Each structure stands twice: as structure tokens, then as C-alpha cells.
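Report on one structure; see the data block that follows.
The values are calculated or read from the model by the stated rules, or taken from the named source; none is laboratory data. Keep in mind the model is a prediction, meaning the values are calculated, not measured. Cβ placement follows ideal geometry from the backbone for every residue including glycine, while neighbour counts extend to all protein chains displayed.
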Amino acid sequence: MRILGIDPGLTRCGVSILEVEVGTTRKKNVLFCKALTTDKRLPQPARLTYLFDKISGIIDEFQPGIVAIERPFLTTHNPDTGMGTAQVVGLVMVLAQKSKMKIALYTPAEVKLAVTGNGAADKLQIQKAMQRLLKLPDLPKPADAADSLAIALTSVLKPNLDIRLKTFQGGKQGGKGGMTPAQALWAKTLASKNKNGRPM
């Protein structure tokens with residue numbers, strides 16, 4: 001099974017391919033890990049076209065069956081950045097649909113929780129987690145590329161994520177005290193999503 005991980009962004013877009021062997025060992029191999037960058041001086045359609053072509057080429061080369069994408073949060077604080085990120089998510093979803101790939105969307109807190117056990121983990125913690133979990137010789141860089149690996153790996157660790165969220169909802173974090181505010185908010189959001197059958 002090959003998973004395409006996407007940390008979406010118009011200026012920097014993390015892209016990775018994680019291969020997971022079928023069987024009890026579920027050995028994981030990193031086949032590709034890179035941050036695609038675009039020039040802010042170029043027109044937005046040109047930047048999106050560049051990312052579309054690059055990601056399309058990666059899909060053609062590695063033939064992943066699943067794409068895992070970080071779900072963007074659109075805020076009024078920085079609407080231009082949020083809009084560009086959402087557009088990248090859209091183009092990746094189009095490519096996935098054309099290639100008949102399964103699509104998984106995860107929030108940043110969900111990814112952090114899955115790979116580190118901490119929904120408020122920072123960039124370095126994620127890089128260290130990727131190095132440890134995937135047995136890499138060095139820290140994956142840049143951070144956008146490491147994040148894309150974490151997003152891909154979340155698809156593999158999803159059952160563990162559900163268990164951790166249930167633990168959080170019980171008021172514990174791996175037996176080491178309560179949740180952070182961010183973790184509590186995410187647990188509440190997920191519970192509402194599961195109850196209503198759709199994201200809030």
C-alpha cells in the first residue's frame with residue numbers, strides 16, 4: 001500500500017510517498033519526501049499549475065492508492081494564505097479523483113496526536129517522531145516535508161488515534177494528566193462530528 005501525504009500550501013507544499021507492507025510487520029518505507037515551492041511573484045494560476053503538474057507526476061510515478069491531506073483552517077487572520085492552501089487541497093482532490101485514489105482529510109491536531117501523542121506538538125517534535133517511527137537516519141527536512149510524512153502515517157495509525165481520543169475524552173492523556181486546551185477542543189470536535197456524521 002502506498003500513501004501520498006500532502007501538507008498543503010501555495011508557497012511551500014510538503015509531499016511524500018509512504019509505502020506500507022501488507023502483513024503483521026507492516027514495515028514502512030519512505031519512497032519520496034520533499035517540499036515543493038512556488039515563487040510568490042508569479043501569478044496565482046501559474047503557481048497552482050506548477051503544483052498540479054508536479055503532484056500529478058509524482059502520482060504517475062509512484063501510483064499511490066490513498067492520499068492523506070491536512071485539512072486547512074480558514075480564518076480571517078490571514079485569508080490570502082488560507083485561500084491558497086484551500087486551492088491546493090482542491091487541486092490534490094481533483095488529481096486523486098481522476099486517479100481513483102481514496103481521500104483522507106486530517107486536522108493538524110489530529111495528525112500531531114496520531115504521531116506524537118500530543119495534539120499541540122511543535123515542528124521539531126514531529127520531525128523527531130518521523131525519524132523514530134520510520135527509522136530514518138536523519139531528521140526529515142524541511143518541516144513541510146516532515147509534516148507530509150506525518151499526515152501519510154496518520155492513515156496507518158488511525159486506530160491508535162481513535163483510542164487516544166477516547167482516552168482524552170475520559171480525562172487522561174496516556175496516564176500523565178489531563179488534556180491541553182487544544183486537545184480538549186479537538187476531542188470535543190471529533191465527538192460532535194461522529195455524533196452528527198459530518199465535520200462541524
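Every listed requirement among (1) modelled with pLDDT of 95 or more; (2) in contact with a strand residue (DSSP E or B) (Cβ under 9 Å, 6 or more places away or on another chain) is met by Lys158 save one, (1).
For Thr37, the test of being at pLDDT below 95 and of a type in the set (S, T, N, Q) is failed.
Of all residues in region 96-117, those satisfying the criterion of being over 12 Å from Ala150 (Cβ atoms) and either aromatic (Phe, Trp, Tyr) or over 11 Å from the mean Cα position of the chain (by Cα) (or both) are Ala96, Gln97, Lys98, Ser99, Lys100, Met101, Lys102, Ile103, Gly117.
Evaluated against (1) over 24 Å from Ile66 (Cα atoms); (2) modelled with pLDDT of 90 or more, Lys166 falls short on exactly one condition, (2).
Would you be able to say whether some residue in region 52-75 is among the hydrophobic types (A, V, I, L, M, F, W, C), farther than 16 Å from Ile3 by Cα, surrounded by 14 or more Cβ atoms within 10 Å (Cβ to Cβ) and out of contact with any strand residue (DSSP E or B) (no Cβ under 6 Å at 6 or more places or on another chain)? Yes, region 52-75 contains at least one residue that is among the hydrophobic types (A, V, I, L, M, F, W, C), farther than 16 Å from Ile3 by Cα, surrounded by 14 or more Cβ atoms within 10 Å (Cβ to Cβ) and out of contact with any strand residue (DSSP E or B) (no Cβ under 6 Å at 6 or more places or on another chain).
Of Leu105, Leu10, Leu48, Leu113, all but one fail to be in contact with a Phe, Trp or Tyr (Cβ under 9 Å, 6 or more places away or on another chain) and of a type in the set (A, V, I, L, M); the exception is Leu113. When we screen Ala114, Ala96 for residues that are assigned to a helix (DSSP H, G or I), surrounded by 19 or more Cβ atoms within 10 Å (Cβ to Cβ) and at pLDDT 95 or above, the only hit is Ala96. Among the residues making up region 104-146, a single one is more than 16 Å from Val156 (Cβ to Cβ), touching a residue at least 60 places away in the same chain (Cβ under 8 Å) and among the charged types (D, E, K, R): Asp144.
Yes/no matrix, rows are residues, columns are (1) free of Cβ contacts under 8 Å to residues at least 40 places away in the same chain; (2) at positive phi; (3) part of a strand (DSSP E or B); (4) not polar (S, T, N, Q):
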{"position": "Leu10", "(1), (2), (3), (4)": "no, no, no, yes"}
{"position": "Phe32", "(1), (2), (3), (4)": "yes, no, yes, yes"}
{"position": "Leu42", "(1), (2), (3), (4)": "yes, no, no, yes"}
{"position": "Pro45", "(1), (2), (3), (4)": "yes, no, no, yes"}
{"position": "Tyr50", "(1), (2), (3), (4)": "yes, no, no, yes"}
{"position": "Asp53", "(1), (2), (3), (4)": "yes, no, no, yes"}
{"position": "Ile59", "(1), (2), (3), (4)": "no, no, no, yes"}
{"position": "Pro72", "(1), (2), (3), (4)": "no, no, no, yes"}
